[in-house]
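Q: The structure follows.
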Amino acid sequence: MVITFKNTVLRLVHLLYFSGGLADEAKSYLRILDQIISNTNDELQETFQVFITNMVSRRIKLSVSRPVLNEVVSRLANLPDRVAFDLCKFALVRLQPRIICFEEHVCGILQHIGTIMERFHMYRQAAETLLTVPLERGHRRYAAEYKFDTYVRIARLFLEAGDVRKAEFHIKRASLLQREVSAKTKIISYKENYASILDHARKFIEAARRYVELSAISNMCMSFLRKAFICIALSATGEQRSHILFLLLKDKRTRILPGSALIGKLYYNVIIKPSDLKDFKAILQPHHKITTSDGRTLLERAINEHNLISVSKIYNDISFEQLASLVERTPTYVQIVAAELIRNGRIPAVIDQIRDSLVFEYQREASPVDMEIQFLCNQLNSVFNKIAIANPAWFAKVETAITKESDKKC
């Protein structure tokens, strides 16, 4: 049944003098609401506006208006987005002056506006709309799970909008509530969003660690393993990187990933050539392919560092011509890369411009045999010193004999 604006006003005025029970009064309002929502003509907006204005009026008891407005929020989700968006905006204006009484309804409408904006790819506007939900400053206490879901959603929307900094800020707010959430699907969604944010923030080692963890608890294990592989390949060298590479290397599932041979080469410090990266490049996502301020891609930077550290484990020094041959680059290219890594403190080395070579300054760890010899020499030196203290005459005699023997050899 189509209800006109005039008919709506008359019925609402009539209900102001309703003498029945509160439940019956609420049902009467709901019948009017059903007819308003079913309108497909131009009067839908006008009839809805007069209905909302009436329901937030102080003449309507809260025990009637609150459950009716709950239904209003629910029914808005069934309307076309463009229509629902305008009606939600109007409802917010009317509810705002009495937000103490209708805070939960305001939150519900804000959530739906955010959903509509997200469908239209208005990610930043959707996130900023959800930020107006009074989770911490409102008059009601919200369940930890509700706040957790909202923060995760805001973080995801900011990430979609390309604002990684704000996304990371809000996902950290969600992390404070993680222990109070028990639903496995929500925890997995939170962890996936957190890993993705770290990935976009170029915190590749931490992102890889979280992706590896997700691969063990999610049905999308191969997708997460692929992302972990990408992140660890793009990360800087170090102990944490080696540990994650070891986990991936021992995981049989990674063998079917495109370019999986790269995992072993990264772990065992094998020099990687451009031809080794063809399959790996095919699985990179758009945000992994960006060019940095130095004119190189993230992959180029990571592989350059890996190769120079791999070379340093074999050579004490190497000419740039020989180094260029190993990595299939030009001597000029490898010299520029080496200079940048030295300047940034990534490799302990110096450039010998006279010999046109790279000299590494690693303090290499002594082998077990060398350490045993050093220990024995220290012990002998200690014994010799004790004898010298206990019998200085004998020590002077021996020292004189050693000096004479040395003079004869000279």
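The values are calculated or read from the model by the stated rules, or taken from the named source; none is laboratory data. Being a predicted model, the structure only gives us computed values, none of them experimental. Cβ sites come from the backbone with ideal geometry, for glycine too, and all protein chains shown count toward neighbours. These accessible areas exclude ligands, DNA and RNA; they are computed on the full protein's heavy atoms, side chains included. Shrake-Rupley method; radii C 1.70, N 1.55, O 1.52, S 1.80 Å.
Q: With 10 Å bins from zero, work out the P(r) of the range 167-326 over every alpha carbon pair and list the percent per bin.
A: 10, 37, 33, 15, 5, 1
Q: Moving on. Regarding the range 319-362, what is the average projected area of its C-alpha convex hull, in nm²?
A: Directional mean of the projected Cα hull area for the range 319-362 stands at 2.9 nm².
Q: Considering all alpha-carbon pairs of the range 1-62, what whole percent are spaced by more than 15 angstrom?
A: 46
Q: Using a 1.4 angstrom probe, figure out how much accessible area the chain has per residue, in square angstrom, rounded to the nearest whole.
A: Ligands and nucleic acids excluded, the result is 57 Å² per residue.
Q: Any of Lys273/Lys313; Lys227/Lys250; Lys147/Lys281; Lys166/Lys289; Lys184/Lys289; Lys6/Lys89 with alpha carbons more than 28 Å apart? Name them for me.
A: Violating the 28 Å limit, Cα to Cα: Lys147/Lys281; Lys184/Lys289.
Q: Taking Cα atoms of the range 198-249, Rg/Rh with Kirkwood Rh, to two decimals?
A: 0.94
Q: If you don't mind, another one. Normalised radius of gyration for the range 292-343, please: alpha carbon Rg relative to 2.2 N^0.38 Å, two decimal places.
A: 1.07
Q: Cβ under 10 Å from Glu192's Cβ, Glu192 left aside: what net charge do those residues give with Lys, Arg +1 and Asp, Glu -1?
A: +4
Q: Let me ask something else. Using the Kirkwood radius over Cα pairs, work out the Stokes-Einstein diffusion coefficient for the range 31-134 at 20 °C and 1.002 mPa s, in µm²/s as a whole number.
A: After rounding, the answer is 154 µm²/s.
Q: From Cα coordinates alone, what are the radius of gyration and Dmax values for the chain in angstrom?
A: Final numbers for Rg and Dmax: 35.7, 130 Å.
Q: Still on this structure: Ignoring ligands, DNA and RNA, please state the percent of accessible area on the range 73-191 from carbon and sulfur, probe 1.4 Å.
A: Heavy-atom surface of the range 73-191 belonging to carbon and sulfur, 1.4 Å probe: 52 percent.
Q: Give me the aspartates and glutamates in straight-line cross-link reach of Lys27: C-alpha distance below 14 Å, same-chain residues under 8 apart excluded.
A: In chain and number order, the partners are Glu71.
Q: Related question: Any chance you could tell me what percent of the C-alpha pair distances in the range 207-297 go past 20 Å?
A: Here the long-distance tail beyond 20 Å is 33 percent of all Cα pairs in the range 207-297.
Q: Applying 1/(1 + (r/R0)^6) with R0 = 45 Å to the Cβ-Cβ distance of Phe18 and Ala201, what FRET efficiency is obtained, to the nearest 0.05?
A: The formula returns an efficiency of 0.20 here.
Q: On to the next question. Once all Cα-Cα distances of the range 249-294 are split into 5 Å bins that start at 0, what whole-number percent is in each one?
A: Result returned by the calculation: 5, 18, 23, 23, 21, 7, 2, 1.
Q: May I pose another question? Rounded to the nearest percent, how much of the accessible area of the range 244-377 (1.4 Å probe, protein heavy atoms only) is carbon and sulfur?
A: So the carbon and sulfur contribution to the accessible surface is 54 percent.
Q: Mean residue ellipticity at 222 nm from the helices of the chain, using -39,500 (n - 2.57) per DSSP H segment of n ≥ 4 over the full residue count, to the nearest 500 deg cm²/dmol?
A: Taken over the chain, the calculation gives -21000 deg cm²/dmol.
Q: Sticking with this one: Would you mind giving the average projected area, over all directions, of the Cα convex hull of the range 239-351 in nm² with one decimal?
A: 7.5
Q: Leaving out ligands, DNA and RNA but keeping every protein chain, what accessible area does Glu118 have, in Å² rounded to the nearest 10, with a 1.4 Å probe?
A: Probe radius 1.4 Å; accessible area of Glu118 about 40 Å².
Q: Ok, one more. Please find, in a Gaussian network model of the chain (springs between Cα atoms separated by less than 10 Å), the residue of Asn385, Asn54, Asn316 whose mean-square fluctuation is greatest.
A: In this elastic network of the chain, the residue with the biggest mean-square fluctuation among Asn385, Asn54, Asn316 is Asn385.
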